[in-house]
Amino acid sequence: MKDVEMCRYLLALQPPWDVSRVRVDAQSREVHVYLTSGRSWFGRYLADTTQSRWRHTSLGACKAYIHASLPEQLSAQERQLPFLGDVSNEFSHGLARRVVGCLQVGMSYRQVCELLDIDVHLAWQIRHALSEGTLPGAGRDLAKRLHEEHPVARDEVTIPGSSDPVWRHILTAREPIQVRMLSLRLLLTRARQDFRQLRGEDARTLKINEIRRFFVKHEKQLAEEIAQIAELRDGVEEGLSQ
Amino acid sequence: MTAFPEAVLMTIDQARGWIDSGATLAIAGDMACLRQLPKGNWMGGTTPYFMAEGGGTCRDDRVFVHGFGGRAGRVVRYDCQSLPHLLEDAPENGFTLLILPAGSQVLEEYACHAPGYVDMYLKPLAGWVSGVRLERVEREPALVIDGRSGETFENQAIAVHLPLPSPLTATVHAVSLFAPGDGPTIEFPATGFNASDCVVDGRAGNLAAFMAAHSVDQRWPLVADYCGATINVSIQSVDTGGGQVRFFAPVYQGVRYRFARPVSDYPARLQQAMPATSGTLLFGCNCILNYLYSELQGQRTGELTGPFTFGEVAYQLLNQTAVFVTLDEA
């Protein structure tokens with residue numbers, strides 16, 4: 001069985017979803033699965049320009065990541081397929097359901113994250129969704145229990161979540177932060193140009209996710225930039241409260 | 001900053017030894033030299049111009065080898081259809097080195113569209129554009145070579161994807177000595193390697209006519225500011241009668257450019273401009289136009305060694321820039 005066929009089977013994909021490519025990253029023990037939703041043009045798949053990337057439940061010892069675009073015509077039911085996720089999230093519905101399931105049988109949140117190999121940034125994002133009550137099957141009682149177990153502090157993670165207004169500020173303000181790393185300078189310039197022209201809210205969210213992912217990936221090299229973001233957050237919040 | 005000892009200009013026999021050891025290599029040299037090398041896990045591109053330890057030189061009996069500190073990588077070829085997936089093949093933590101042939105469609109595809117590729121800027125990517133001896137530009141094609149088979153290509157790119165173990169991380173640096181001059185801002189209505197119409201300080205104009213009217217020196221590039229990074233676009237030719245200007249890299253729609261201030265004493269200023277970093281040098285290259293305009297023949301460029309190239313890649317295609325990659329501990 002080829003790797004594409006195997007991933008199609010393991011993810012229980014149904015048409016129009018299909019696997020276009022699979023990459024196993026042995027060094028980081030990750031498997032990246034790229035999905036298409038069957039849109040084709042004279043037999044050739046169109047290149048997806050804006051893709052989401054969701055952490056999914058692990059495949060064996062490898063963390064699994066799904067890369068896909070959500071076509072606008074998908075029904076609400078289709079959008080809930082386990083290998084997909086919300087545009088605003090970096091985790092799949094399947095992973096979220098596993099987290100909720102584990103919590104409901106009495107495991108602590110820390111144990112769940114260890115079991116499912118969820119890093120601190122993703123843990124914070126899932127925890128935020130749980131406390132907001134946006135995960136299916138997770139009621140108020142679960143959110144309350146989690147809060148009692150371990151109250152969430154705003155500064156618990158150094159890189160804010162995608163919904164934090166500071167990201168919009170960085171992508172729209174004239175000179176929001178001083179940046180030293182070449183790749184971040186180029187990424188920000190490109191993202192700021194694109195952001196002005198993006199019309200849909202989903203597209204803007206994807207752009208914010210991309211910037212945030214850069215900060216998560218290079219967290220240790222970006223201490224000065226992350227400190228500036230913390231200062232900006234205070235300023236942005238003050239501005240919003242006035 | 002220190003360089004791996006195997007990132008050096010060497011004889012064909014020395015390079016044979018490295019290839020036969022099974023190492024992953026990127027090799028720059030004249031095609032006659034590259035064709036003499038045995039098959040192995042290496043990729044190459046054509047250029048006879050080098051920044052050697054002893055200074056800038058043009059050799060047709062030597063090749064420049066980057067050995068990546070003995071780390072194993074995967075060589076992959078790309079055509080225009082597969083190139084947009086370049087970074088999907090790149091490791092989550094590692095480094096990708098790319099070589100593209102000058103004057104090819106695959107270079108044009110990369111130059112115009114790379115900023116929109118999936119994972120662009122998120123994974124370290126550097127590279128260079130291959131070329132030929134300047135007096136043979138019209139007669140010979142620039143090539144890349146797949147060392148696994150010995151095949152050469154005029155219209156394919158080739159890359160080596162090199163995974164790195166945590167906490168090591170590759171950091172891409174670009175050094176340009178050019179700064180925007182005091183002239184007007186210039187914007188272009190479309191992305192491309194050619195321009196006629198442009199907007200000069202908000203007024204419609206023609207770039208070739210503007211350059212003629214202001215006696216603009218073609219040696220100095222157009223410069224754009226990318227959040228503090230200076231990005232150059234060099235002038236390849238100006239057809240004043242036809243009102244056309246040809247560039248070595250595309251100008252982008254929506255980006256503001258100015259012509260650069262002239263630069264003197266390039267070698268000394270390059271050395272000053274090299275960032276202070278404790279990392280190990282994994283790769284380096286410098287622009288052939290710097291070699292020519294700054295007269296680097298016989299001049300040392302500090303610890304930065306590597307090929308002189310016909311375009312540099314630090315994520316996107318650059319001109320008149322030195323690019324290098326350091327290996328750091330995150």
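Tabulated data for the structure shown
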| read-out | value |
| --- | --- |
| Odd one out for A:Leu10, checked against (1) aliphatic (A, V, I, L, M); (2) at pLDDT 85 or above; (3) open to solvent by less than 90 Å² (accessible area, probe 1.4 Å) | (3) |
| Residues of region B:289-302 satisfying the condition of being within 11 Å of B:Leu270 (Cβ to Cβ) and at pLDDT 80 or above | B:Asn290, B:Ser294, B:Leu296, B:Gln299, B:Arg300 |
| Residues satisfying the stated conditions in region B:75-115, i.e. assigned to a loop (DSSP other than H, G, I, E, B), more than 16 Å from the chain's Cα centre (by Cα) and either surrounded by fewer than 21 Cβ atoms within 10 Å (Cβ to Cβ) or more than 8 Å from chain A (Cβ to nearest Cβ) (or both) | B:Asp79, B:Cys80, B:Gln81, B:Ser82, B:Asp89, B:Ala90, B:Glu92 |
| Checking A:Gln193 against (1) at pLDDT below 90; (2) open to solvent by less than 50 Å² (accessible area, probe 1.4 Å); (3) more than 14 Å from chain B (Cβ to nearest Cβ), the condition it does not meet | (3) |
| Sole residue being within 20 Å of the chain's Cα centre (by Cα), within 24 Å of B:Leu168 (Cβ to Cβ), surrounded by fewer than 19 Cβ atoms within 10 Å (Cβ to Cβ) and of a type outside the set (A, V, I, L, M, F, W, C), chosen from A:Arg180, A:Arg213, A:Arg204 | A:Arg213 |
| Unmet requirement for B:Asp217, which otherwise passes all of (1) touching a helix residue (DSSP H, G or I) at 6+ places or on another chain (Cβ under 8 Å); (2) of a type in the set (D, E, K, R); (3) in contact (Cβ under 8 Å) with a residue 40 or more places away in the chain | (1) |
| Test for B:Gln316: is it within 14 Å of chain A (Cβ to nearest Cβ) and within 16 Å of the chain's Cα centre (by Cα) | yes |
| Counted residues, region A:208-235 - those being in contact (Cβ under 8 Å) with a residue 40 or more places away in the chain, assigned to a helix (DSSP H, G or I) and more than 9 Å from chain B (Cβ to nearest Cβ) | 14 |
| Members of region B:162-187 found to be in a loop (DSSP other than H, G, I, E, B) and either open to solvent by 10 Å² or more (accessible area, probe 1.4 Å) or more than 14 Å from chain A (Cβ to nearest Cβ) (or both), listed by number | B:Pro165, B:Ser166, B:Pro167, B:Ser176, B:Leu177, B:Phe178, B:Ala179, B:Gly181, B:Asp182, B:Gly183, B:Pro184, B:Thr185 |
| Matching option when the condition is in contact (Cβ under 8 Å) with a residue 24 or more places away in the chain and within 9 Å of chain B (Cβ to nearest Cβ), among A:Leu171, A:Leu184, A:Leu188 | A:Leu184 |
| Residue match in region B:116-139 (condition: touching a strand residue (DSSP E or B) at 6+ places or on another chain (Cβ under 9 Å), open to solvent by 10 Å² or more (accessible area, probe 1.4 Å), more than 14 Å from chain A (Cβ to nearest Cβ) and part of a loop (DSSP other than H, G, I, E, B)) | yes |
| Filter pass, A:Arg199 being outside any helix (DSSP H, G or I) and more than 8 Å from chain B (Cβ to nearest Cβ) | yes |
| Out of B:Leu281, B:Leu292, B:Leu270, B:Leu317, sole residue that is outside any helix (DSSP H, G or I) and within 23 Å of B:Gly55 (Cα to Cα) | B:Leu281 |
| From B:Ala142, B:Ala204, B:Ala190, B:Ala159, residue being in contact (Cβ under 8 Å) with a residue 60 or more places away in the chain and part of a strand (DSSP E or B) | B:Ala159 |
| Selection count where residues are free of Cβ contacts under 8 Å to residues at least 60 places away in the same chain and part of a strand (DSSP E or B), scope region B:227-246 | 10 |
| Criterion (at negative phi and either open to solvent by less than 10 Å² (accessible area, probe 1.4 Å) or within 17 Å of the chain's Cα centre (by Cα) (or both)) met by exactly one of B:Ala52, B:Ala23, B:Ala32 | B:Ala52 |
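The values are calculated or read from the model by the stated rules, or taken from the named source; none is laboratory data. These numbers were taken from a predicted model, which means no experiment stands behind them. Neighbour counts are summed over all protein chains in view; Cβ atoms, including those assigned to glycine, are modelled from backbone coordinates with ideal geometry. Heavy atoms of the whole protein, side chains included, go into the accessibility calculation; ligands, DNA and RNA do not. Shrake-Rupley method; radii C 1.70, N 1.55, O 1.52, S 1.80 Å.
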